[in-house]
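The values are calculated or read from the model by the stated rules, or taken from the named source; none is laboratory data. Predicted model only: the values in this text are computed from it and were never measured. Cβ: placed from backbone, ideal geometry, glycine included. Neighbour counts: every protein chain shown. Side chains included, ligands, DNA and RNA excluded: accessible areas come from the protein's heavy atoms. Shrake-Rupley method; radii C 1.70, N 1.55, O 1.52, S 1.80 Å.
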Amino acid sequence: NILIASSALLQKKLNKIAGFDKSILVRNGTNVSHVHAIKAPVVKTRYHIGYIGTISDWLDIHLLEYSLEVMQNIEYHLIGPVHYKESLNSNLTFHGSCPHEKLWKAIMDYDCLIMPFCVNDITIYVDPVKLYEYITFGKCIISIYYPEIERFKDFVYFYRNAREYIQLLLKLIDTGFPPKYTEDQRTSFLCNNTWDNRFRQLQEAMENFKSNNIMSQV
């Protein structure tokens, strides 16, 4: 009776399949009970850059390997199940899965968190839970750009290709990887994107459907 889409592009596709505007948009969200202080930028001689999530063919490992060839003062740490070939570069470390409650301890010293997806027919539909969670960690965030995540622009440094990625890294290295957002921006965003808010959207949609269904039978 109700079609639920987690991204705007998915909603558009669902409506096209259904033949009319039947779906509702209920994006992903986050838990605001575990929010960490925003990390102050620190210029160092070496930086730790992290990724959290499944390592599969949608992850642009080649871009990471290329960046390690260009610059010597960064290293990558990938946390999550590995469903893709591992790199031979010693500065790209695969840590495997980590329980969610232990994530902060694993990444607390990282300077930046990244989402280096390959943009393809799957990823363009994704509203990534990852970015919501990255924001709660209070760190500098870098991601490939695609239209669905435009609304994260106040929080995420975007790149569109390898050249832009390298240029962005060089700039952030010089400035100590400063987070793009303020505490006020983060608080407002997180409060508007909690799982409780998402539940209320679903609840309202179901109540509206029930009410309209009753009215149609009168």
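Most mobile of ASP184, ASP60, ASP196 per a Gaussian network model of the chain (Cα springs, under 10 Å)?
Answer for the Gaussian network model of the chain: ASP184.
For a 22 Å ceiling on Cα separation, which of these pairs sit above it: LYS130/LYS153; LYS39/LYS153; LYS13/LYS210?
Exceeds cut-off: LYS13/LYS210.
Just add up the charged neighbours of PRO116: K/R +1, D/E -1, any other residue whose Cβ is under 13 Å from the Cβ of PRO116.
Around PRO116, the surrounding residues sum to -2.
What are the residues whose amide H is under 5 Å from the amide H of LEU92, where those residues sit 5 or more places off or on another chain and H is modelled from the backbone?
TYR76
For the chain, what are the DSSP H helices with axial Cα length of 18 Å or more and mean Kyte-Doolittle hydropathy of at least 1.6?
None clear 18 Å together with a mean of 1.6.
Give, in nm to one decimal, the length gained when the segment between ARG200 and SER97 is fully stretched (0.36 nm per residue of separation minus the Cα-Cα distance).
Net length gain for the segment: 33.9 nm.
LYS44: which aspartates and glutamates have alpha carbons under 12 Å from its alpha carbon, excluding same-chain residues fewer than 8 sequence positions away?
The qualifying aspartates and glutamates are ASP111, ASP174.
I'd like the chymotrypsin sites (Phe, Trp or Tyr not before Pro) in segment 1-52 restricted to DSSP loop residues with at most 10 other Cβ atoms within 10 Å, sorted by number.
Taking segment 1-52 and a limit of 10 other Cβ atoms within 10 Å, the loop chymotrypsin sites (Phe, Trp or Tyr not before Pro) found are PHE20.
Between rounded, prolate and oblate, where does segment 38-170 land on the alpha carbon gyration tensor, with a ≥ b ≥ c its root eigenvalues, rounded for a/c under 1.5, else prolate if a/b exceeds b/c?
rounded
Based solely on its DSSP helices, what 222 nm [θ] is calculated for the chain when runs of n ≥ 4 H residues each add -39,500 (n - 2.57) and the sum is averaged over all residues, nearest 500 deg cm²/dmol?
-11500 deg cm²/dmol
Distance from the Cα centre of segment 55-98 to that of segment 136-211, in angstrom?
A separation of 22 Å, based on Cα centres.
Starting from the Cα of LYS105, draw a straight line to each of the aspartates and glutamates and keep only those under 19 Å, dropping any in the same chain fewer than 8 residues away.
In chain and number order, the partners are GLU75, GLU133.
With a cut-off of 8 Å between alpha carbons and a minimum separation of six or more residues, what is the relative contact order of the chain in percent?
After rounding, I find 26 percent.
Give the list, by residue number, of cysteines in the chain with no other Cys Cβ closer than 4.7 Å, or say none.
For the chain, the answer is CYS98, CYS118, CYS191, because their Cβ atoms have no other cysteine Cβ under 4.7 Å.
Under a point spin-label approximation (7 Å from Cα along Cα-to-Cβ), what is the PHE20-GLU65 distance to one decimal in nm?
Roughly 5.2 nm, to one decimal.
How large, in percent, is the carbon and sulfur part of the accessible surface of segment 96-171 at a probe radius of 1.4 Å?
Carbon and sulfur together cover 57 percent of it.
Between ILE4 and GLU150, what length in nm is gained on full extension when 0.36 nm per residue of separation is reduced by their alpha carbon distance?
My answer for the length gained is 50.5 nm.
Going through segment 39-123, which trypsin sites (Lys or Arg not before Pro) have at most 12 other Cβ atoms within 10 Å and a DSSP loop state?
Sites meeting the loop and neighbour criteria: LYS44, ARG46, LYS85.
GluC sites (Glu not before Pro), restricted to segment 85-175: which are DSSP loop and have at most 12 other Cβ atoms within 10 Å?
When the GluC sites (Glu not before Pro) of segment 85-175 are filtered for loop state and at most 12 Cβ neighbours within 10 Å, GLU86 remain.
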